[in-house]
Amino acid sequence: MKILAIESSCDETAAAVIEDGRTIRSSVINSQVEEHKLYGGVVPEIASRRHAENICAVVEKALSDAGETFSSIDAVAVTYAPGLIGALLVGVNYAKGVALASGKPLIPVHHIRGHIAANYLTHPDLKPPFLCLVASGGHSHIIKVNDYTDFEIIGRTRDDAAGEAFDKAARVLGFPYPGGIYIDKAAAQGKRGEYKLPKPKVNGSDFDFSFSGLKTAVINISHHAQQKGESIDVNNLAADFQGTVADILTDHLMRAAEYTNSTKIVVAGGVSANSGLRSALEAACKKHGYELYLPKLSLCGDNAAMIGSQAYYEYLAGVRADLSLNGVASMPVDQAEPGRCIAL
Ligand code: KG4
Ligand code: ZN
């Protein structure tokens, strides 16, 4: 089954053709990051406008790279939640237009479910159940994936997402947006141990995390140094910050694995590209005898291939949308599609 998938929830306009949920026939990503960099973060109005300008060319390229046409694909899938509402609406309305004109089924996909599915494209043998850490710019969750469309939230951030903490710390250290990758590179040049950073605990939960105190600690270290006319060692502070985030995520994930009796561990989202997190998880999973699945670097960030993969499993579960499908800015990963997305 060939699915044309569309993703426009944030600042990437993306389209892909995916076969049977596991094979990437084409994947096109138009990133707006250089423009948003000028403002230090994503400007929603600009994002929507660029999606509207780019979506036709991006979809046409995805179809032609795959050697397909609107009539030869079997279904169209789109990210409908969560994300920037104006950005989501561009993809949702485009996909509705394709579905109406072609008569093909329309499959609504949750963005975080898509991030998890990036692992189905990376690891052909991976099947649920497994325990998944999702760490992206907007979300940080530990999720028990019971089946392709059955999700159970075990833990979540109480404040900033992991990627958001990376981006805010990076800004303080003088790096451009999005700063995660710059911290990763700086940390590789630095050594841990110079800066003491907190590992905040969350009252009443073993699995929830909190990153805002850690981010504030980096801001305070930087401001105190400035006030005293001292300089900070950016590489060492980056190494301490990245190492602390990796420790927090790894410790929580290992506790959740024990609690849920999971031995298969999967990681997803933009922050899963982080080399410090990857090595901390590799070491911890080796120690506990768990199997670890990491997405290909090219599939960690936002893309439409992951949406096409998840769409296949949503389709098999009977999920379809009608033409009243709307974008939804905020929607938990474990919730069913909104009422208007009917399971046939
Ligand atoms: O999943 P994603 O592409 O978009 C959202 O759905 O949010 O995640 C973007 C986030 C940004 O915060 C970015 O700084 C972070 O992922 N990120 C990284 C790395 N590459 C991207 N964070 C740490 N290390 C990296 N190498
Ligand atoms: Zn994302």
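Inside segment 299-329, can you point out the residues that are part of a helix (DSSP H, G or I) and away from ligand 2 (no atom under 16 Å from the Cβ)? Result: Y312, Y313, E314, Y315, L316. Restricting attention to segment 128-144 and to residues that are touching a strand residue (DSSP E or B) at 6+ places or on another chain (Cβ under 9 Å) and either open to solvent by 30 Å² or more (accessible area, probe 1.4 Å) or not assigned by TED's automatic domain parsing to the domain that holds S210 (or both), the residue that is nearest to ligand 1 (Cβ to nearest atom) turns out to be H139.
Matching residues to (1) closer than 15 Å to D247 by Cα; (2) assigned by TED's automatic domain parsing to the domain that holds G243; (3) modelled with pLDDT of 95 or more; (4) not hydroxyl-bearing (S, T, Y):
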site	(1), (2), (3), (4)
A165	yes, yes, yes, yes
P176	no, yes, yes, yes
I181	no, yes, yes, yes
K185	no, yes, yes, yes
A188	no, yes, yes, yes
N203	no, yes, no, yes
D206	yes, yes, no, yes
T216	no, yes, no, no
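When Y195, Y182 are screened for being among the aromatic types (F, W, Y) and either open to solvent by 70 Å² or more (accessible area, probe 1.4 Å) or within 30 Å of T122 (Cβ to Cβ) (or both), only Y182 passes. Among the numbered criteria (1) more than 16 Å from ligand 2 (Cβ to nearest atom); (2) aliphatic (A, V, I, L, M); (3) more than 16 Å from the chain's Cα centre (by Cα), which one does I85 miss? Single failed check for I85: (1). Before we move on, is V145 modelled with pLDDT of 95 or more, more than 13 Å from the chain's Cα centre (by Cα) and not in a strand (DSSP E or B)? It is false that V145 is modelled with pLDDT of 95 or more, more than 13 Å from the chain's Cα centre (by Cα) and not in a strand (DSSP E or B). The one condition from (1) away from ligand 1 (no atom under 16 Å from the Cβ); (2) crowded, with 16+ Cβ neighbours inside 10 Å that S272 does not meet is (1).
The set of residues from segment 173-198 being under 13 Å from L237 (Cβ atoms) and either in contact with a strand residue (DSSP E or B) (Cβ under 9 Å, 6 or more places away or on another chain) or in a helix (DSSP H, G or I) (or both) comprises Y182, I183, A186, A187, Q189.
Residue count for segment 220-276 under the criterion of being assigned to a loop (DSSP other than H, G, I, E, B) and more than 16 Å from ligand 2 (Cβ to nearest atom): the result is 9.
Is segment 239-248 home to any residue that is within 16 Å of ligand 1 (Cβ to nearest atom) and surrounded by fewer than 18 Cβ atoms within 10 Å (Cβ to Cβ)? Looking through segment 239-248, at least one residue is within 16 Å of ligand 1 (Cβ to nearest atom) and surrounded by fewer than 18 Cβ atoms within 10 Å (Cβ to Cβ).
Answer with yes or no whether Y148 is aromatic (F, W, Y), touching a strand residue (DSSP E or B) at 6+ places or on another chain (Cβ under 7 Å), open to solvent by 30 Å² or more (accessible area, probe 1.4 Å) and over 27 Å from G243 (Cβ atoms). No: the conditions fail for Y148.
State whether one or more residues within segment 70-81 are open to solvent by less than 40 Å² (accessible area, probe 1.4 Å), in contact with a Gly (Cβ under 8 Å, 6 or more places away or on another chain) and of a type in the set (V, I, T). Yes, because at least one residue in segment 70-81 is open to solvent by less than 40 Å² (accessible area, probe 1.4 Å), in contact with a Gly (Cβ under 8 Å, 6 or more places away or on another chain) and of a type in the set (V, I, T).
So is K104 under 27 Å from V42 (Cα atoms) and in the same structural domain as D334 (by TED's automatic domain parsing) or not? So K104 does not fit the description; no.
The values are calculated or read from the model by the stated rules, or taken from the named source; none is laboratory data. Quick caveat, the model's predicted, so the values are computed rather than measured. For neighbour counting, all protein chains shown are included, and Cβ atoms are generated from backbone atoms with ideal geometry for every residue, glycine included. Side chains are part of the model used for accessible areas, which takes the heavy atoms of the whole protein and leaves out ligands, DNA and RNA. Shrake-Rupley method; radii C 1.70, N 1.55, O 1.52, S 1.80 Å.
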